[in-house]
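Okay, structure first, notes after.
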Amino acid sequence: MATATTWAQDIITCDLNCDKPVQQFCNSCQVGLCEDCINKHVKGLKSMKHDIVPFTKRTVQLVFPQCTSHSHQRCEGHCQQCDVPVCMKCVMSSQHKGHDIVDMADIITAKKERIKRETEEIEGDIISKNKKQDSDVEKISTCTAHFSGLIKKGKDQRKQWHLEVDDIFDHLDTLTQSLRDYQITALKSYQSQLRSQNSSMIQTVEENKEILKSNNVSDVNNYKSKLTEFRNIPQVPDVTLPSLKTNTIQGRELSLELEEYKAKLTQSTLSSLTDEASNVSITELLKEAKVITNISANIEPLYKVACAGSDRAWINGTDKMLRCVDIYGTVTDSVTSTCMDFPGDITVNRQGELIYSDAANRTVNIVRHGKIETLITTPRGWHP
């Protein structure tokens, strides 16, 4: 029984998608044929000559492409000036007279040698480097653990602070999570690039190996090198891990700092606060201003901006559209105003609802649940 199984597995079947055993071989096309498929093969390529021999007397050789200009001819040469395959009749014609004709077999040999070298480099060197880079990306877990520690530390500090400062810690959590998401997204994107490139290289290696096995001139001649692309392994992104700095002076002051965000709680009497506020000028307040982030709004010119929390803002240009963008510049919401040209001004109320003025229609409007409602209509002659 074992002998019969082995014999069945060793049977070579017809190359024309036929399950019958091969009996004949076309030396011209390098395909095995059963008795029933010989005529089918010859009729399918009427313009070509076919050297049909018993399979045991087959000759392994290159399969040259059919000449498009001369029937019954195969292109065994390549015209360097015209960069096209040519047959012997083409060489004798006036079209290629005096041109440098190179033996197609020499071209294929040279190309196969190049494919072999590139495949060996990809398989033996570049793939291993790519895998090493991928295995080195262990910063994701470290980054995740670090930010988890920051959030826990922030929550521990919150217990020492008065309930009136919850807004500070809400801001801290949002900023920490945004920083974490940004760093982890960058690392995962890099890891995805590595794995995608590695998968592509493995596929290319398999395809190249099939080409190296092939005797089909067109397969080899159409080979396109990806070696330069694969040599450029992406660089690991520079990930910086922020630290949470805290300071506690019992009964006097509480403070924390994360990157550019700072918060401080100091005990003071109402009278001292009033005196301090009266002595602070607008110029002194402006000295404290800092650039937190730059957002690409893709609006030219940018006309109005209204912050909606710490990570979003409503903006508009010189058209009817109002857009809500996040800190990455992504449009998360949009509203088409009732204005003839563009809103005169925009703001956001305590509930986070968008409000805009329509000067031409003399109205102040609010956007609630995606619908525009009129809050105020001014008398004739007055424009908001």
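The values are calculated or read from the model by the stated rules, or taken from the named source; none is laboratory data. It should be emphasised that the depicted structure is a prediction, and the values quoted were computed from it without experimental measurement. So basically every Cβ, Gly included, is an ideal-geometry build from the backbone, and we count neighbours across all protein chains shown.
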Item to complete: Could you list, in sequence order, all residues of the range 115-125 that are within 20 Å of residue 63 (Cβ to Cβ) and surrounded by fewer than 17 Cβ atoms within 10 Å (Cβ to Cβ)?
Response: 116
Worksheet, complete the sentence: Subset of the range 370-384, residues under 24 Å from residue 325 (Cα atoms) and either of a type in the set (A, V, I, L, M, F, W, C) or in a loop (DSSP other than H, G, I, E, B) (or both), comes to 370, 372
Item to complete: Kindly indicate whether any position in the range 346-369 is within 36 Å of the chain's Cα centre (by Cα), assigned to a loop (DSSP other than H, G, I, E, B), over 30 Å from residue 176 (Cβ atoms) and free of Cβ contacts under 8 Å to residues at least 12 places away in the same chain.
Response: yes
Discussion item. Scan the range 56-69 and tell me whether some residue there is touching a residue at least 24 places away in the same chain (Cβ under 8 Å) and among the basic types (Lys, Arg).
Written reply: yes
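Yes/no per residue for (1) loosely packed, with under 15 Cβ neighbours inside 10 Å; (2) more than 14 Å from residue 14 (Cα to Cα):
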| residue | (1), (2) |
| --- | --- |
| 54 | yes, no |
| 60 | yes, yes |
| 67 | no, yes |
| 82 | yes, yes |
| 93 | yes, yes |
Discussion item. Given the condition closer than 30 Å to residue 179 by Cα, touching a strand residue (DSSP E or B) at 6+ places or on another chain (Cβ under 7 Å), surrounded by fewer than 17 Cβ atoms within 10 Å (Cβ to Cβ) and of a type in the set (S, T, N, Q), answer yes or no: does some residue in the range 296-310 qualify?
Written reply: no
Worksheet item: If we keep just the residues of the range 207-238 that are surrounded by fewer than 16 Cβ atoms within 10 Å (Cβ to Cβ) and of a type in the set (Val, Ile, Thr), which is nearest to the chain's Cα centre (by Cα)?
Response: 236
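Given the criteria small (Gly, Ala, Ser), part of a helix (DSSP H, G or I) and more than 29 Å from residue 236 (Cα to Cα), does residue 218 qualify?
Numbers: small (Gly, Ala, Ser): yes; part of a helix (DSSP H, G or I): yes; more than 29 Å from residue 236 (Cα to Cα): yes.
Yes; evaluated as a whole, the condition is true for this residue.
Got a sec? Which of 77, 149, 124 is within 30 Å of residue 169 (Cβ to Cβ) and without any contact (Cβ under 8 Å) to a residue 60 or more places away in the chain?
Being within 30 Å of residue 169 (Cβ to Cβ) and without any contact (Cβ under 8 Å) to a residue 60 or more places away in the chain holds for just one of 77, 149, 124, which is 149.
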Item to complete: Any residue in the range 290-317 that's touching a residue at least 24 places away in the same chain (Cβ under 8 Å) and in a strand (DSSP E or B): show its pairings with residues that are surrounded by 13 or more Cβ atoms within 10 Å (Cβ to Cβ) and polar (S, T, N, Q) at Cβ separation under 6 Å, as long as the two are six or more apart or on different chains.
Response: 304/316; 306/347
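For the range 321-345, name all the residues that are of a type in the set (Ser, Thr, Tyr) and either without any contact (Cβ under 8 Å) to a residue 24 or more places away in the chain or in the same structural domain as residue 174 (by TED's automatic domain parsing) (or both). Break it down stepwise before answering.
Filtering the range 321-345 for residues of a type in the set (Ser, Thr, Tyr) gives 328, 330, 332, 334, 336-338.
Result: 330, 332, 334, 336.
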Response to the item:
Considering the range 174-188, residues that are touching a residue at least 24 places away in the same chain (Cβ under 8 Å) and either polar (S, T, N, Q) or outside the structural domain of residue 146 (by TED's automatic domain parsing) (or both), and then whichever is nearest to residue 327 (Cα to Cα), we arrive at 178
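Which of the residues that make up the range 325-345 are assigned to a strand (DSSP E or B) and either surrounded by 15 or more Cβ atoms within 10 Å (Cβ to Cβ) or not small (Gly, Ala, Ser) (or both)? Don't jump to the end; show me each part of the working.
So the first thing to find is which residues in the range 325-345 are assigned to a strand (DSSP E or B), and the list is 325-326, 331-336.
Correct list: 325, 326, 331, 332, 333, 335, 336.
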